[in-house]
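Values quoted throughout were computed directly from the atomic coordinates according to the rules given, and no laboratory measurement underlies them. Note that the coordinates shown come from a computational prediction; the quantities given were computed from them, not determined experimentally. Using ideal geometry, Cβ is built from the backbone for each residue, glycine included, and neighbour counts are taken over all protein chains shown.
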Amino acid sequence: MAEYRAPVADMRFTLKHAAGLQRLAQLPQFEDASEDMVSAILEEAGRIAGEVLAPLNSSGDQQGLQQQDTDVKTPPGFQEAYQAFIEGGWGSLQFDPAHGGQGLPYVLSIAVMEMWQAANMSWGLCPLLTQGAVEALACSASEELQQRYLPKLISGEWTGTMNLTEPAAGSDLSVIRTKAEPQDDHYLISGQKIFITWGEHDMAENIVHLVLARLPDAPPGVKGISLFLVPKFLPDAAGNPGTRNDCQVVSLEHKLGIHASPTCVMSYGDNGGAIGYLVGAENQGLVCMFKMMNNARLAVGLQGVAIAERAYQHAVGFARERVQGRAVGFDQAGPIIRHADVQRMLLTMRALTEAGRALTYDACASIDWAGQNQHVGLREQHNVRAALLTPIVKGWCTEFAQEVTSLGVQVHGGMGFIEETGAAQYYRDARILPIYEGTNGIQAMDLVGRKLIHDSAAGFHQLVAEINADIAQAEAAGFDAEGLKGIATKLRAAVQNWQVSAEYLLHNQSDDPQLAGAVAQHFLMQSGYVCGGWQLLRQAVACLSDNDCSQQFKDSKLKVCHFYFQQILPRTQGHADSLQQGSGAVIAMTEEEWLSSVG
């Protein structure tokens, strides 16, 4: 089984040219993010990911979890790996030094998080959710709650969860039933939550649950939801875990993948009520939670990139070693990587992964700029930009992760269908990504409804102008021998077609209320492929003038870019054609006709 080696060279390059980390480091808040510091962080994180986390991935998948009454035991090695994570201060990179953080750019922590997810996605989900909880509390919790809980969460000593879903309330949170009864200085929480990732485990001494619930006099629907902090153990006077709270795991879900990540059914208030504390204002729970949800959506998109990278490395390792058949141009049998069809699959995997990495890092850098820039206009510009890119990152990167991990199985041939080779695990683990933190259908509807139609495409036009400026720069760069002018011309045509799709949605949605739901997924995928091409064009231009890049790195970047524009970017036309057919064929079936084929 191939080892995981963090793609530090590409990460460093992407942070520099897609995320603009060097410009971020010029801000006073990020002055510690020097090139030497960034390199040291990436190298050490890559070492831990490869040497500590990755070896636990397959064993964790095979051994899974053990529930013992209200306790959950993680696979061997997970606790020790998490302790190394705490001791290294890895959970604190991007957070406020006032609460124990290191104050480094968020986008740098994203590169490090990619390593955790690629090495061991089951394990990596735990710090991912904790960091989302920190974001939610830092934005909405009272000063008292922040002082009590943030230092422990940022250090990683305590972990965090997100409790939204209930048996009767999946994507529709308006019907949640969990209750919150007000007391003197707290609330009593009662109800059941399902699909709670890392809701119970033995890696940390306390777990801080963020729970959506209703107050007795709350208005119906989503306007009557409040957010509560419910710790597993109530902190004592010294801030250490004290009395066990009235919340516990009821059962663990048996899942297709991520077998070493506990997905819990959680019960609150079986013995009178779990003590919880209001986060933010009453009935404003979704507003408070959205910070955590948006953080998680970008992180899930990143998981798509990470699992794709791991599947790619695994497939390349196999293809270089597996001898089968004589490839065209060779006199004798050799490794299958010589075959054109295998090269097609591997290049598809690599091109999508590198495009997704660049897009994800770029989107996360906008969050850094929006949070730090003192110029109100630029701050708002980056807020709009990040909001537009978030559903694209989450949706597109998790969709192509399905393709990439499936191709990883295919490269292995029959051996890919056998669990012992490891290729199947990436395929299984990746399947959750288009589902959680808002299904990709919801992401597509958010992109079309809130990010395109709601503001009359203002943010969309802003992004198009930015892409067109980069195209013009590529056309003027003078790298004709590398074929960049032709690539830029192809991207310009794809962007124009993308604009046509946006205008179609804007002009027809009022006459066809079903339109967005029927074709939004096509717009999301078209957006992803266009933005992926944009990112690879920018990287191709940048690498030719970057003296820090080796010639081999430059050559491979250009080859990946050319492949993407020849073999992947044309997919945008198919999505555009389907989108512009409208909703008619999609919604034509009556309820009675769905089973008409079975008699």
**Asked** Roughly what angle does helix 35-48 make with the longest principal axis of the chain, taking Cα atoms, 0 to 90 degrees, to the nearest 10?
**Response** 70 degrees
**Prompt:** Given 10 Å bins starting at zero, what is the percent of C-alpha pairs of segment 353-449 in each, up to the one with the largest pair distance?
**Reply:** 16, 33, 28, 15, 6, 1
**Request:** Have a look at Ala430, Ala358, Ile307 and report the one farthest towards the positive end of the charge dipole of segment 278-432, computed about the Cα centre with Cβ charges (Lys/Arg +1, Asp/Glu -1).
**Result:** Ala358
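Subtract the Cα-Cα distance of Asp480 and Gln581 from 0.36 nm times their separation in residues, and report this length gain in nm to one decimal.
Details: separation 101, 0.36 × 101 = 36.36 nm, distance 3.78 nm.
Here the segment from Asp480 to Gln581 would lengthen by 32.6 nm.
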**Message:** Using the Cα centre of segment 440-587 as origin and beta-carbon charges of +1 (Lys, Arg) and -1 (Asp, Glu), tell me which of Ala493, Pro570, Leu452 is placed farthest towards the positive end of the dipole.
**Reply:** Pro570
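Tally Lys/Arg at +1 and Asp/Glu at -1 over every other residue whose Cβ is under 15 Å from the Cβ of Ala476; what's the total?
On the way: positive: Lys485, Arg492, Arg538; negative: Asp470, Glu475, Asp480, Glu482.
Cβ neighbours under 15 Å give a net charge of -1.
If R0 is 41 Å, what FRET efficiency do you get for Ser39 and Glu157 from their C-beta distance, rounded to 0.05?
About 0.90, to the nearest 0.05.
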**Message:** What is the sum of charges, Lys and Arg at +1 and Asp and Glu at -1, for the other residues whose Cβ falls under 11 Å from the Cβ of Ala327?
**Reply:** 0
**Fill in**
Any lysines whose Cα falls less than 24 Å from that of Lys451, other than same-chain ones fewer than 8 residues away, would be Lys223, Lys291, Lys394
**Request:** Determine the relative contact order of segment 152-206: mean sequence separation of Cα pairs under 8 Å and six or more apart, normalised by residue count, in whole percent.
**Result:** 41 percent
**Fill in**
Label model pair Met415, Val250: point-to-point distance (7 angstrom along the Cα→beta-carbon line) in nm is 4.5 nm
**Prompt:** In segment 117-256, what is the volume of the convex hull around the alpha carbon atoms, normalised per residue and reported in Å³?
**Reply:** 131 Å³
**Fill in**
Most exposed first, judged by fewest Cβ atoms within 10 angstrom, Thr159, Thr398 run Thr159, Thr398
**Asked** Stretch Arg5-Glu31 to full length: gain in nm at 0.36 nm per residue minus the Cα-Cα span?
**Response** 6.5 nm
**Message:** Using a Förster radius of 35 Å, what is the FRET efficiency between Asn468 and Asp511 based on their Cβ-Cβ separation? Nearest 0.05, please.
**Reply:** 0.75
**Prompt:** Quick one: putting +1 on the C-beta of Lys and Arg, -1 on the C-beta of Asp and Glu, what dipole do you get for segment 440-587 around its Cα centre, in Debye to the nearest 20?
**Reply:** 280 debye
**Message:** In 10 Å bins starting at zero, report the fraction of Cα pairs in the chain per bin as a rounded %.
**Reply:** 3, 16, 27, 27, 18, 7, 1, 0, 0
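Only counting other Cβ atoms within 10 Å, I'd like Met203, Met37, Met589, Met121 sorted with the fewest neighbours first. Write out the running numbers ahead of the final one.
Values: Met203 21, Met37 14, Met589 10, Met121 28.
So the ranking, lowest neighbour count to highest, is Met589, Met37, Met203, Met121.
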**Message:** Rounded to whole Å, give me the distance from the Cα center of segment 86-131 to that of segment 184-240.
**Reply:** 23 Å
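Please list, by residue number, every one of the GluC sites (Glu not before Pro) in segment 1-87 that is coil in DSSP and has at most 15 other beta-carbon atoms within 10 Å.
Working: sites: Glu3, Glu31, Glu35, Glu43, Glu44, Glu51, Glu80, Glu87; in loops: Glu3, Glu31.
In loop regions of segment 1-87 (DSSP not H, G, I, E or B), the sparsely surrounded GluC sites (Glu not before Pro) are Glu3, Glu31.
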**Message:** Along each principal axis of its Cα atoms, how long is segment 440-587 end to end? Whole angstroms, biggest number first, please.
**Reply:** 53, 27, 23
**Prompt:** When a footprinting reagent is the concern and you count Cβ atoms within 10 Å, what order do Lys485, Lys179, Lys193 take, fewest first?
**Reply:** Lys485, Lys179, Lys193
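Summing Lys, Arg as +1 and Asp, Glu as -1, what charge do residues with Cβ under 10 Å from the Cβ of Cys264 carry, Cys264 excluded?
Working: positive: Lys193; negative: Glu200, Glu253.
Around Cys264, the surrounding residues sum to -1.
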